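The values are calculated or read from the model by the stated rules, or taken from the named source; none is laboratory data. Please read all numbers here as calculations on a predicted model, not as lab measurements. With ligands, DNA and RNA removed, areas are computed over all heavy atoms of the protein, side chains included. Shrake-Rupley method; radii C 1.70, N 1.55, O 1.52, S 1.80 Å.
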Amino acid sequence: NKFKAIKNNIGNVFSFLRSRWQNHKRVNYFVAGSKITMMKEILLKKNSPFYQHFKILEIRPFENEEAFKMLKTISSAIKKKIPEGIIRKIIKVIGGNPFYLQIIGEELCRKEKIDEDSLKVTIQEVLFNESGRLYLYFEDLFSMVPQFDQCRRPRWLISLLLLFLLNNSRLHWELIIV
């Protein structure tokens, strides 16, 4: 995701990188990013130095079992157990997007107590506070749309758009209402 900043501030760093990796032997490169349109621009446009040099693999949302394992791993790494009922609730609400699961899991594990109330608070903080990690992530995505960036964005509008974008509005209203 830092490619855009590099591209805008440094110049054609991609041509430089390509000139270097073309001379490497027995080396594999992985390019990853969450901004799909930017990644496609870098990897699929004919005038890009990386045109047709990488295989595109999209990470799809996890199935429930994989999402469950991911949240167990996150809580284990942080040494704070998320109860299985709460894990199932997170998956029901958030879906299988690994990025969303990671953020919700990490933020929930920062709470003193992990229960349904702390899950509700965590989701509210992450999605609807102007300093929330997913709020900031989506605000950054929205800022790429010139018309959106130029208008006065009331906080409720971003929150409503977040609801819509987050797994086809899977969030239940009773979970997010304070």
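Overview of results
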read-out: Solvent-accessible ranking of Tyr137, Tyr100, Tyr29, largest area first, probe 1.4 Å; value: Tyr29, Tyr137, Tyr100
read-out: Whole-Hz ³J(HN,Hα) from phi, Karplus 6.51 cos²θ - 1.76 cosθ + 1.60, for the stretch 76-83, glycine and proline x; value: 5, 5, 7, 6, 9, 6, 9, x
read-out: Phi-based couplings in Hz for the stretch 105-117 (Karplus 6.51, -1.76, 1.60; Gly and Pro marked x); value: x, 5, 5, 5, 5, 7, 6, 5, 10, 10, 8, 4, 5
read-out: Estimated vicinal HN-Hα couplings, Hz - the stretch 51-65 in sequence order (Karplus 6.51, -1.76, 1.60; Gly, Pro = x); value: 3, 6, 9, 10, 8, 8, 10, 8, 8, 8, x, 5, 5, 4, 5
read-out: Under-5 Å amide H pairs with Phe62, H placed in peptide plane, nonlocal only; value: Gly96, Asn97
read-out: Heavy-atom SASA rank of Val121, Val126 (probe 1.4 Å, accessible area, largest first); value: Val121, Val126
